[in-house]
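See below for the structure under consideration.
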Amino acid sequence: MKAKDIIKDLSRTTEEVFSIKELTELLDSGKKLRIKYGVDVTAPTLHIGHAVNLWMMRKLQDLGHKVIFLIGDFTTSIGDPTGKNALRPIIAKEEIEKNLEEFIKQAKMVLRFDDPELIEVRRNSEWFGEMPTSEFLNKLMLVTHAKLISRDMFRDRIDKGDDIYMHELIYPILQGWDSVELESDLTIIGTDQLFNEMLGRFFQEKSGQKPQVIMTTKITPGIDGRAKQSKSIGNYIGLAHSPREKFGRVMSIPDDLVESYFIVYTDISDATIAKFISEGPMPAKLNLATEIVRRYHGDEVAKSEKDWFIKTFSDKQSPDDMPEVTASKTTNLTDLIKKCIGKSESNASVRRLIDQGAVSIDSTKVEGDQFQPLPITNTFELKIGKRRWFKVKIKP
């Protein structure tokens, strides 16, 4: 496959390339590329926005190139200030290892981990963990303070009078040096990582290496139509979400995002996208949700979820496959809701669901302390939000 065809194939989700000329030369050289994919495992959550980069790497894997999956176990313990206005908390080693396991599990939904010729897993503690202070200081001597504080987020903090900690200032140096250690040819990143990876190019040149090509990818607003996808905001479609949750979250996006979601988050042709869009917002959104679920879970699951959604929401029927939950007559409704949707939810967030009218029992919306205690009936239907039903059985 010629370089121009590969670049054209990747262009659908590409924002910028530094530079096209270098990338063309790399791909035409016949060299097996080393593609740097660095992750700080602060939280075990990947969403379809992250997966844009993964799918581009997967296409290159299928052409025989190798992804160097770099686990930033050393840098995770320090904290990247990207997109943050305050100091990021330090992550314990045990939590890093736990997050890493879940992270790789999600990445395997896209990347190939079955062939050592196509994937290599590394940790940046391999070099930073044993690096003498004198050697590290030599690297710091290559970068000026003026260059570091030119980064947008640092300028924003300075303008606001907010603190910048020294370990945050040196984070870009650490990430940039990773490219030297890995002898990276190419990295595919979000635009928020561009400064750090440009430092990677700088360090590679200083070290006598050919600088890596950098590709940045397109970013869409989250499902709320405002900020980009984020776990903290809750406006994301997670790789770890169930097919049903993925489908439902896609159906909640604003109509004006449907076309861009088709382009960025599916692999169907432009002609098919145009056809779906011409059918109107609701049919288009149904097809979008189907395509996204298909991409991660297969045709059969996607069709099943589409049928379930239409039956449940268009026909206004309760689903037949509600999960069953047991409770005693003395169970507090708040505790029951937390048991259904996750014990990590706070009492305050559950109370907000009730106050917003998002909780109903047997089709009756819960108001205030209604249904505290629970109904005396042996079984009842509990609905939480728009897409979650549970069949509750009361213990005798």
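The values are calculated or read from the model by the stated rules, or taken from the named source; none is laboratory data. Since the structure is predicted, the reported quantities are computational estimates derived from the model, not experimental observations. Positions of Cβ are backbone-derived with ideal geometry, glycine not excepted, and every protein chain shown enters the neighbour counts.
Among the residues of region 22-54, which ones are touching a helix residue (DSSP H, G or I) at 6+ places or on another chain (Cβ under 7 Å) and under 19 Å from Ile96 (Cα atoms)? If the condition is that a residue be touching a helix residue (DSSP H, G or I) at 6+ places or on another chain (Cβ under 7 Å) and under 19 Å from Ile96 (Cα atoms), then Tyr37, Gly38, Val39, Asp40, Val41, Thr42, Ala43, Pro44, Leu46 are the ones that fit. Screening region 1-84 for strands (runs of 3 or more DSSP E) wholly inside it with 3 or more residues that are assigned by TED's automatic domain parsing to the domain that holds Lys105 and within 30 Å of Met166 (Cβ to Cβ) returns the ranges 34-39, 66-71. Looking at region 94-115, can you tell me whether even one residue there is of a type in the set (A, V, I, L, M, F, W, C), more than 18 Å from the chain's Cα centre (by Cα) and modelled with pLDDT of 95 or more? The answer is yes, given that some residue of region 94-115 is of a type in the set (A, V, I, L, M, F, W, C), more than 18 Å from the chain's Cα centre (by Cα) and modelled with pLDDT of 95 or more. A Cβ distance below 6 Å, combined with a sequence gap of six or more or placement on separate chains, defines the contacts here; from region 31-44, residues that are on the phi < 0 side of the Ramachandran plot reach residues that are surrounded by fewer than 21 Cβ atoms within 10 Å (Cβ to Cβ) and at pLDDT below 80 in the pairs Thr42/Ile91. Looking only at residues in region 253-278 that are in a loop (DSSP other than H, G, I, E, B), touching a residue at least 24 places away in the same chain (Cβ under 8 Å) and not aliphatic (A, V, I, L, M), the one that is farthest from Thr290 (Cα to Cα) is Pro254. Across region 108-129, the qualifying residues are those that are among the hydrophobic types (A, V, I, L, M, F, W, C) and either assigned to a loop (DSSP other than H, G, I, E, B) or out of contact with any Lys or Arg (no Cβ under 7 Å at 6 or more places or on another chain) (or both), and the one among them that is farthest from Leu182 (Cα to Cα) is Met109.
Restricted to region 229-241, and to residues there that are surrounded by fewer than 17 Cβ atoms within 10 Å (Cβ to Cβ) and touching a residue at least 60 places away in the same chain (Cβ under 8 Å), the residue that is farthest from Leu33 (Cα to Cα) is Lys231.
Looking at region 256-276, is at least one residue touching an Asp or Glu at 6+ places or on another chain (Cβ under 7 Å) and over 22 Å from Arg12 (Cα atoms)? No: zero hits.
Residues checked against (1) acidic (Asp, Glu); (2) in contact with a strand residue (DSSP E or B) (Cβ under 7 Å, 6 or more places away or on another chain); (3) modelled with pLDDT under 95:
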| position | (1), (2), (3) |
| --- | --- |
| Arg151 | no, no, yes |
| Asp178 | yes, yes, no |
| Ser184 | no, yes, no |
| Thr191 | no, yes, yes |
| Phe203 | no, no, no |
| Gln212 | no, yes, no |
| Asp224 | yes, no, yes |
| Gly234 | no, no, yes |
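If you check Asp178, Asp152, Asp192, Asp162 for being under 28 Å from Lys32 (Cβ atoms) and not hydrophobic (A, V, I, L, M, F, W, C), only one passes: Asp178.
Taking first residues from region 198-223 that are closer than 30 Å to Val250 by Cβ and partners that are polar (S, T, N, Q) and in a loop (DSSP other than H, G, I, E, B), the Cβ contacts under 6 Å between residues at least 6 apart in sequence or on separate chains come to Gly222/Gln229; Gly222/Asn235; Ile223/Asn235; Ile223/Ser252.
When Thr272 is tested against (1) at pLDDT 80 or above; (2) under 16 Å from Glu245 (Cα atoms), just one condition goes unmet, and that condition is (2). Flag not set for Val250, criterion: hydrophobic (A, V, I, L, M, F, W, C), part of a loop (DSSP other than H, G, I, E, B) and in contact with a Leu (Cβ under 8 Å, 6 or more places away or on another chain). Among the residues making up region 171-223, a single one is over 25 Å from His145 (Cβ atoms) and part of a helix (DSSP H, G or I): Leu182. Mind checking whether some residue in region 227-234 is touching a Pro at 6+ places or on another chain (Cβ under 8 Å), in a strand (DSSP E or B) and either over 29 Å from Phe154 (Cβ atoms) or outside the structural domain of Trp127 (by TED's automatic domain parsing) (or both)? Yes, some residue in region 227-234 is touching a Pro at 6+ places or on another chain (Cβ under 8 Å), in a strand (DSSP E or B) and either over 29 Å from Phe154 (Cβ atoms) or outside the structural domain of Trp127 (by TED's automatic domain parsing) (or both). For region 131-177, a residue qualifies if it is surrounded by fewer than 17 Cβ atoms within 10 Å (Cβ to Cβ), within 31 Å of the chain's Cα centre (by Cα) and among the acidic types (Asp, Glu), and the qualifying residues are Asp152, Asp156, Asp159, Asp162, Asp163. Do the conditions hold for Arg34, that is, is it at pLDDT 95 or above and touching a Leu at 6+ places or on another chain (Cβ under 7 Å)? Considered against the rule, which asks whether it is at pLDDT 95 or above and touching a Leu at 6+ places or on another chain (Cβ under 7 Å), Arg34 comes out as yes.
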